[in-house]
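For reference, the structure is listed below as structure tokens.
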Amino acid sequence: MEPNRFAPVKQPKISDIIMQQLESMILEGSFKPGQKLLSERELAARFEVSRPSLREAIQKLIARGILYSQHGGGTYVSKQIGSSFADPLHDLLSAHDEFLYDQLEFRDGLESLSAYYAALRSTDADKARLTQCFNKLVDANQNHDFSLEASLDAEFHMIIAESAHNVVLLHTLRSLFTILASSISANLNNLFKKKVARKTIMDQHRAMYSAIMAGNAEGARDAVHAHLVFVEENLLKMRQEETRIQRSLRRNESLSPQ
């Protein structure tokens, strides 16, 4: 009798299937780093599985460091997900303004690409979120609420990244989110000192928004590129002006009678 050369097909465990679905939801951004998961009862109902199977899947993800639990406080996605630019690198970059332009160049490459794919792939739900954020951004701009506008600006760019539906792009940009948010705030505070820049930046965001909503991939990519080049060039000009002012002040001090 010929021996059986085929290994028996093993049915995957329900807990492993749940675990894979949870992993996919974390990768695609449905669950974000630090976000609290739904209760065990709600998740079991959503997945249409038993609570013991769900509990087993969650325990496996906790053991791998993807989730963590707080006693009496629920289960959360690890804050370390996508933290390739976490401390101490974040602190080093934040403390040295000379690397701001490196950040802007990096953002240009990644965000131009994410805008391109967002225009091609964004769903109705993505467009609804982007519209809601853009409208809030317009209001903050008109109300001269700099702090809120900086926060919404960062959120606007992250929604575009999520709308690209590329998990590598998303998590790379999300890992930079803290740096991104702080650099946007610093950029706006500097650029808004010039009235013309304020209108230009709003027009640039409107161009990004319109291109993505229209499905114009190349237009979206070009709009992001134009925006970040504008920011970089104007910050460079402002730094040069500041250097000239400081040089002039030092010269005057040296010429003043002692």
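Descriptive notes on the structure:
- Environment charge of Ile17, counting only residues whose C-beta is closer than 12 Å and scoring Lys/Arg +1, Asp/Glu -1: -2
- Charge tally around Met208: other residues with Cβ under 14 Å, Lys/Arg +1 each, Asp/Glu -1 each, net -4.
- Counting Lys and Arg as +1 and Asp and Glu as -1 over every other residue whose Cβ lies under 12 Å from the Cβ of Ser122, the net charge comes to 0.
- Centre-to-centre, using Cα atoms only, region 32-58 and region 102-168 are separated by 30 Å.
Taken together, the values in this text are just the output of simple stated rules run on the coordinates, not laboratory data. Just so we're clear, the structure is a prediction, and the values are computed from it rather than from any experiment. Neighbour counts run over all protein chains shown; Cβ positions are idealised from the backbone, glycine included.
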